[in-house]
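The values are calculated or read from the model by the stated rules, or taken from the named source; none is laboratory data. It should be emphasised that the depicted structure is a prediction, and the values quoted were computed from it without experimental measurement. Cβ placement follows ideal geometry from the backbone for every residue including glycine, while neighbour counts extend to all protein chains displayed.
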Amino acid sequence: MTLSEADESLPLSALQHWLFCPRQCALIHIERVWAENQFTAEGRVLHERADAGQPESRDGIRILRAVQIASLRHSLHGVADVVELRGGVPYPVEYKRGRPKTHRADEVQLCAQALCLEEMTGHAVPEGALYYGTARRRKIIHLDASLRALTLDIAEEIRTGITTGSLPSPVFEARRCGACSMQELCRPAARRNLGQRWMMDHIDRAGVPE
């Protein structure tokens, strides 16, 4: 699927990317460009491990891997790393490298999975989990009304961005941009420094009034 039309289904990963950085999301899902670094490679390997293997059962829980999911109602689609069926009720588990984050991007992606699973199975999905590779433990996420509203709001923001057809302007934040694999394509620091250099050159040429 492509995102050439505002009413097309959005990939679940787009919601996570948008909440982390709207410009990163637009570069990946609208401009269709991608670059990899150490962090994305580590994340890809973690997902491949989570997705590998056949369905299995443990302690009465059926474990499904790399599950294709979609919601016609919310126009969303993607792949859930792991879905545990607990008495027939789906319990999504999303795998992430690193540690729990201060923003809610990962929670939104998990919530979007739950919305898809609810529509597909007819069961309410009140809870899921994020598994972080560095901590090697799950973080339980309650999929409450506020998180669901945030998830749907983010999806709407992305569709609005697609409709306008313009990329969000780069905003430099050292910690976030330093870890982003798209920084060479985005170059927020370079753009900021270029603007500063232009201003200083302009002042030097014009002179400073006394």
Check your understanding: Right, residue 136: among the basic types (Lys, Arg), at pLDDT below 95, out of contact with any strand residue (DSSP E or B) (no Cβ under 9 Å at 6 or more places or on another chain) and not assigned by TED's automatic domain parsing to the domain that holds residue 80 or not?
Key -> no
Exercise for review: Answer yes if at least one residue in segment 92-106 is within 19 Å of residue 151 (Cα to Cα), in contact (Cβ under 8 Å) with a residue 12 or more places away in the chain and assigned to a helix (DSSP H, G or I), and no otherwise.
Suggested key: yes
